[in-house]
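K.L.:
Got a structure for you, written out below as structure tokens; questions coming shortly.
The values are calculated or read from the model by the stated rules, or taken from the named source; none is laboratory data. Everything quoted here is computed from the prediction, not taken from an experiment. Every residue, glycine among them, receives a Cβ derived from its backbone with ideal geometry; neighbour counts consider all protein chains shown.
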Amino acid sequence: MNGTAAQVLKHSFLYSFAATQPFAVYVDAYPALENKLLIESEKLNYGEHSQVVRLLQEKLSHLSYYKDPIDGEFDVITEHALKKFQKDFDIDVTGLANPQTVHAVVNAEKKKLLSKVENLTESINIQMQSEEVETVQEVMQYFGYYEGEIDGIYGPLTENALKIAEENHNIELLNNLANVSLKELYASEEKDNEQNEVTVNDSQSENAGENEDTTKNENEDDEQETVKSVQIEGANDVGIIETAQSLVGTPYVWGGDSPGGFDCSGFIHYVYQTRNITIPRTVSDVWNFGEHVDNPSVGDLVFFETYKAGPSHMGIYLGDNKFIHAGESRGVEVSEMSNSYWRDKYIGAKRIN
């Protein structure tokens, strides 16, 4: 198989297929795929020894939080590194490798490399050995296009990696290598990753769906509501509210989009589907799909920024400052938007017409 064909496979079938396979099979895969596999692994437990823990330690090491030998052992040293990271990133300091923390680690590593790209000169001189070329190689390696040594030498391997990335994403790199074009590559890869998540969800719902963390602080436990009905006035579609309320208590299932279990966007997608209304599957796509409203009315969708920048969680507004959603800790439930966790993360409302 030639290089281009191999990379096309790597960024299409393999990317989706790997989500259904044991992590150890792909633990030495390219970083972008390792990120996906780490995020989609089960919650890591203290005392666990695994390849997944090793990968987490490597990422914490890249971010200068873990300075001991990488051994794949989730011990007090790993826990301490996680606590330092959580404190710096304003995450509840628990020392747990929960979804919110894992997402934050992955995003922090990605931003660190992206910051190096942003600091590059506008146009990169490829006829040299330099730190700029080394950064290009790191970016190409991150997305699986470059498999050589990070040596800063622009040679055949680096040129071939750029050529493959250029063909896969229709971005001019070889004749216009600059920080702008590399940032375009990041954006294109992110878009492809979201599409892959939707594809996997359609065929393997238990292994897909966007990753989301709706971990709440202890205050929400005190305010937990078991209400299954609220007064409905002026709803966009009363049936949507009634269907949503009938599902209160349904457990949270990552990638779930049926009454057997929901993730947050799977819940919304299912409820709208019962009313023969088609909406996108992921939170970010629904955010872009809906019409902005300054203040939500009953039946509008409310959005929150949880584990990453931008919309990553959503629910249906019920009025009286309440919304219904599929939360990770308790499944489908009614929550108060005035709760400190949700109040601080609320970013806006959209209406589906």
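K.L.:
With surrounded by fewer than 18 Cβ atoms within 10 Å (Cβ to Cβ) and in a strand (DSSP E or B) as the only criterion, which of H325, H292 stands out?
P.N.:
Details: H325 fails: surrounded by fewer than 18 Cβ atoms within 10 Å (Cβ to Cβ).
Answer to the check: H292.
K.L.:
Next question, about the same structure. Are any residues in the stretch 116-143 at pLDDT below 80 and of a type in the set (S, T, N, Q), and if so, which ones?
P.N.:
N119, T121, S123, N125, Q127, Q129, S130, Q141
K.L.:
Find the residue count for the stretch 261-290, including only residues that are farther than 19 Å from G348 by Cβ and more than 20 Å from the chain's Cα centre (by Cα).
P.N.:
8
K.L.:
Can I ask one more? Of all residues in the stretch 144-158, which are in a loop (DSSP other than H, G, I, E, B) and at negative phi?
P.N.:
To start, the set of residues in the stretch 144-158 that are in a loop (DSSP other than H, G, I, E, B) comprises 144-152, 154-155.
Those that are in a loop (DSSP other than H, G, I, E, B) and at negative phi: Y145, Y146, E147, G148, E149, I150, D151, Y154, G155.
K.L.:
Would you mind finding the one in S329, S338 that is of a type in the set (G, A, S), out of contact with any helix residue (DSSP H, G or I) (no Cβ under 9 Å at 6 or more places or on another chain) and more than 18 Å from I279 (Cβ to Cβ)?
P.N.:
Details: S329 fails: out of contact with any helix residue (DSSP H, G or I) (no Cβ under 9 Å at 6 or more places or on another chain).
The unique qualifying residue is S338.
K.L.:
Just to be sure before I move on: is E79 farther than 16 Å from A108 by Cβ and in a helix (DSSP H, G or I) in the structure I sent? Even if it seems obvious, please write down each step before you answer.
P.N.:
Details: farther than 16 Å from A108 by Cβ: yes; in a helix (DSSP H, G or I): yes.
Here the answer is yes, as E79 does meet what is asked.
K.L.:
Quickly run through the stretch 90-114 and pick out the residues that are within 20 Å of V76 (Cα to Cα) and among the β-branched types (V, I, T).
P.N.:
I91, V93, T94, T101, V102, V105
K.L.:
Return the residue satisfying two criteria in turn: it lies in the stretch 268-289 and is out of contact with any helix residue (DSSP H, G or I) (no Cβ under 6 Å at 6 or more places or on another chain) and of a type in the set (S, T, Y), and of such residues it is surrounded by the fewest Cβ atoms within 10 Å (Cβ to Cβ). Even if it seems obvious, please write down each step before you answer.
P.N.:
To start, the set of residues in the stretch 268-289 that are out of contact with any helix residue (DSSP H, G or I) (no Cβ under 6 Å at 6 or more places or on another chain) comprises 268-270, 272-273, 276-278, 284-289.
This time we only want the ones that are of a type in the set (S, T, Y), so: 270, 272, 278, 284.
On the way: Y270: 19, Y272: 20, T278: 10, S284: 18.
Only one residue fits best here, namely T278.
K.L.:
Quick one: how many residues across the stretch 266-302 are of a type in the set (A, V, I, L, M) and either touching a Pro at 6+ places or on another chain (Cβ under 9 Å) or more than 15 Å from V238 (Cα to Cα) (or both)?
P.N.:
Applying the first criterion (of a type in the set (A, V, I, L, M)) to the stretch 266-302 yields 268, 271, 277, 279, 283, 286, 293, 298, 301-302.
Subsequent filtering for residues that are either touching a Pro at 6+ places or on another chain (Cβ under 9 Å) or more than 15 Å from V238 (Cα to Cα) (or both) retains 279, 283, 286, 293, 302.
Total satisfying the criteria: 5.
K.L.:
For the stretch 44-86, name all the residues that are hydroxyl-bearing (S, T, Y) and either in contact (Cβ under 8 Å) with a residue 24 or more places away in the chain or surrounded by 15 or more Cβ atoms within 10 Å (Cβ to Cβ) (or both).
P.N.:
So the first thing to find is which residues in the stretch 44-86 are hydroxyl-bearing (S, T, Y), and the list is 46, 50, 61, 64-66, 78.
Across the stretch 44-86, the qualifying residues are Y46, S50, S61, Y65, Y66, T78.
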